[in-house]
Structures are given as structure tokens and as C-alpha cells.
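Only one structure is covered here, and it is reproduced in the block below.
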Amino acid sequence: MTLPPGKIPIDILKQIVFKNLGTPRKEIKVGPTAGIDNAVIDIGEKSLIISMDPITGAQERIGWLAVNVNANDIATSGAEPAFLFTCLMLPQNAHKNMVQTISAQMNQAAQELNMAIVGGHAESTPNLTHPIVVACAIGYTQKGKYITSANAKPNDKIILTKTAGIEGTAILASDRENQLKTTLTNEELQKAKDFYQKISIVKDALTAYKTGGVHAMHDPTEGGITGGIHEMADAANLGIHISRERIQVEPETAKICNYFNIDPLQLIGSGALLIAAQPRKASTIAKSLNKSNIPAAIIGEFLPDKTQRIITMPNGKTETLPRPTADHLWQALSRR
């Protein structure tokens, strides 16, 4: 079987990856699981929240993304991100200016999140054509005081912050600017590039968690909004019903997706946050986010029947919610 670009399909994770996990240890409270991006390890009276992600499809702001995307995964547990390890792999014969640029981006992003970069590795890699940054973020909290993306309950409301395809919009506007000049104005392109400033969901997650009534949170990265919702449902063994009309798509995102003929709901979506909330608390959580200048809306609910994965379109028609086989960013990047 030839693998598609991006994340390895869930069935291969279950068949191969999750069966090769070394020695079990009693300190591990949450280990590798489909739909869960964090590990939880109990050390004394603290729970360590740990997550790792690579940045492979972006070049312009790769260091910035490496810090924020990994910090986001920590924040979805309700903990603050604190420490970061990075692995920087550069193209063969890369200039030291590339090291400077990426390191400065990581430094700025880490300072803004009050994180320390505590170690890692950097190298020039033979046969590599573009830089890749892999990072591992760590946070901590009082023992047991965390949530995971697997904790959604039947009838929980699904809240979405911000809009669809935020990270993908920023990447494509930056890395495919010359192509997009034919369909977007300079002002629109600059606004789309500035979507990088929306990538962090640390404030979103901590605001929601502190409001109360949050069962689970997940940031939709590869696979976009639809991929993220499926992952939450997979982890909780639940179904889904969402309303397409309630999911906001910025005009710049819509234009870029139309140009590349891709779906904004299946475009890498770091910067948005999915929240599973108690039905009676969902409106309060959304209002709390809005008061903090974080756009938020209730877009659907989790269903008891795990076989029901549906989306109601603006015309009132109900369809099966698509499950991305690969993020639509890869489709766009392949079209020159």
C-alpha cells in the first residue's frame, strides 16, 4: 500500500504503529491513541502533558508554526505550554541565514507564549529539498487536572473558535503568492498571510477550560475542521451532526480554496479550536470566548450512534461528513 501525503491513515496506526510501543510503564496515564494528540505521564504530584508535531508543508514561517502548533496541543488539555524541544533539519548546502531565520522565528513565538526552548538538534540533511522542523512541547498541571480530546459525551455541543483553514490559508498565501496574484489583490494576499497571527489557540483553550463545562478539546490540524471532528468522535466512540452554515470561512480562505479547487473544511486548520461542551454550558463558553475577542459558535453536537457522521448543508440537505484521506493543502501545493 502506497501512503498518501501527510498523516498515516488511522487503520495503519492501529495495525502497526500502536502495536510497537516498547515497554508499558505505570507512569503513563494517556498513551498513543487515535484522535488524541497528547501523552500524559504522572510524576509525583504533577501530570506532564507532552505532544510532538512536525512542520513539513510550510517554508515561509516554519519556525513560528513549529512552536505554536505544538503549544496548541498542550493547551487543549487545559494546561499551559512551558517547554519545547526542537529538531531542525535543513536542506543540503543550506546557508547559515536559514538557521538564523528559523531560530529567530522560534524564539519570538516561544517568548510570546512564555515558553522555554530547552534542547534539540539541528543538521543539514542530505537529499532534503526544503526545511523540516519537528518539535516536542511539554506542559504540566496538578495530578489529574487535565482533559483529552477523547472525553466528549453524547449530546455534547460542538463549539468552533475562529474560522476554517486558517493555517492553510497563511501557508498558501505565503508560499504560492505568485500564483494567487491572479485571483487575489495585494491587500487580500497580505491579509491572508497575516493569518499566521491567528495560529495560537492557547488563549482560546485556557479561556474555555477555565469557564467550566468543557469535556474535551482538539485543535484541527491536518485534515482541517472535518478531520478534527472525526478524530474527536473516533476517540470518544461517538457520532456527529454539524451544520455547514455555522462554520465560518473567511473571504480570503474561500478565494484561495476556489483557486486551487479544494475544500476549506479539509484544509489544515491550526488556529481554530474544537470544544465538546456540556449542553447547558455551551452558550456560556461561547459567550466567554466572544468577550475575550475570540469568535466562537456552536456548530453541532455529538451523537450516541457512532455510525452517524453527518453534515447539514446550507440548502437543508443532510450528507455524510467527509473524512479526509489527505489534507487538501497537499493537493494545492502539487498544483503549480
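Net charge within 11 Å of Arg323 by Cβ-Cβ distance, Lys/Arg positive one each and Asp/Glu negative one each, not counting Arg323 itself?
Numbers: positive: Arg309; negative: Glu231, Asp234.
Summing Lys/Arg as +1 and Asp/Glu as -1 gives -1.
Who wins for biggest fluctuation among Gly224, Gly120, Gly57 in a Gaussian network model of the chain, springs between alpha carbons below 10 Å?
Most flexible of the set in this elastic network: Gly120.
Can you compute the FRET efficiency between Gln278 and Ile28 using 1/(1 + (r/R0)^6), with r the Cβ-Cβ distance and R0 = 25 Å? Round to the nearest 0.05. Could the numbers behind the result be given before it?
Details: r = 28 Å, r/R0 = 1.13.
E(calc), rounded to 0.05, equals 0.30.
Along its principal axes, what span do the Cα atoms of segment 74-197 show, with the longest given first and each in whole Å?
47, 39, 27
Non-local amide H neighbours of Ile268 (under 5 Å, H modeled in plane, Pro and chain starts lacking H): which ones?
When sequence neighbours closer than 5 places are left aside, the close amide H contacts are Gly168, Gly223, Gly224, His328, Leu329.
Taking every pair of Cα atoms in the chain, average 1/r, invert it to obtain the Kirkwood radius, and report Rg/Rh to two decimals. Don't jump to the answer; show the numbers that get you there.
Values: Rg = 19.3 Å, Rh = 20.3 Å.
Radius of gyration over Kirkwood radius for the chain works out to 0.95.
In cubic angstrom, how much convex hull volume per residue do the alpha carbon atoms of segment 10-142 span? Could you put the intermediate results ahead of the total?
On the way: hull volume 17.0 nm³, N = 133.
So the per-residue hull volume is 128 Å³.
For segment 3-51 and segment 162-233, compute the distance between their C-alpha centroids and round to whole Å.
Each part's Cα centre sits 24 Å from the other's.
Counting only C-alpha contacts under 8 Å and six or more residues apart, can you give the relative contact order of segment 10-142 as a whole percent?
The value is 32 percent.
Using a 10 angstrom cutoff on alpha carbons, build the Gaussian network for the chain and name the most mobile of Ser77, Ser124, Ser174.
Maximum fluctuation in the GNM of the chain, among the listed residues, is at Ser124.
Per-residue HN-Hα couplings for segment 230-239, Karplus 6.51 cos²θ - 1.76 cosθ + 1.60 at θ = phi - 60°, whole Hz, x for Gly and Pro?
Once θ is set to phi - 60°, the couplings for segment 230-239 become 4, 4, 5, 5, 4, 5, 9, 6, 10, x Hz.
What residue among Lys26, Lys198, Lys181 has the largest mean-square fluctuation in a Gaussian network model of the chain, using Cα springs under 10 Å?
Highest fluctuation of the listed residues: Lys26.
Quick one: which of Lys162/Lys255; Lys26/Lys145; Lys210/Lys281; Lys157/Lys193; Lys7/Lys210; Lys162/Lys317 span more than 21 angstrom between C-alpha atoms? Spell out each step's value before the answer.
Numbers: Lys162/Lys255 18 Å; Lys26/Lys145 18 Å; Lys210/Lys281 12 Å; Lys157/Lys193 32 Å; Lys7/Lys210 31 Å; Lys162/Lys317 25 Å.
The pairs that break the limit, which is 21 Å between Cα atoms, are Lys157/Lys193; Lys7/Lys210; Lys162/Lys317.
Values in this text are rule-based calculations from the coordinates and carry no lab data. In this text the structure is predicted, and so the values were computed from the model without any measurement. Don't worry about glycine lacking a Cβ; one is built from the backbone with ideal geometry, like all the others, and counts go over all protein chains shown.
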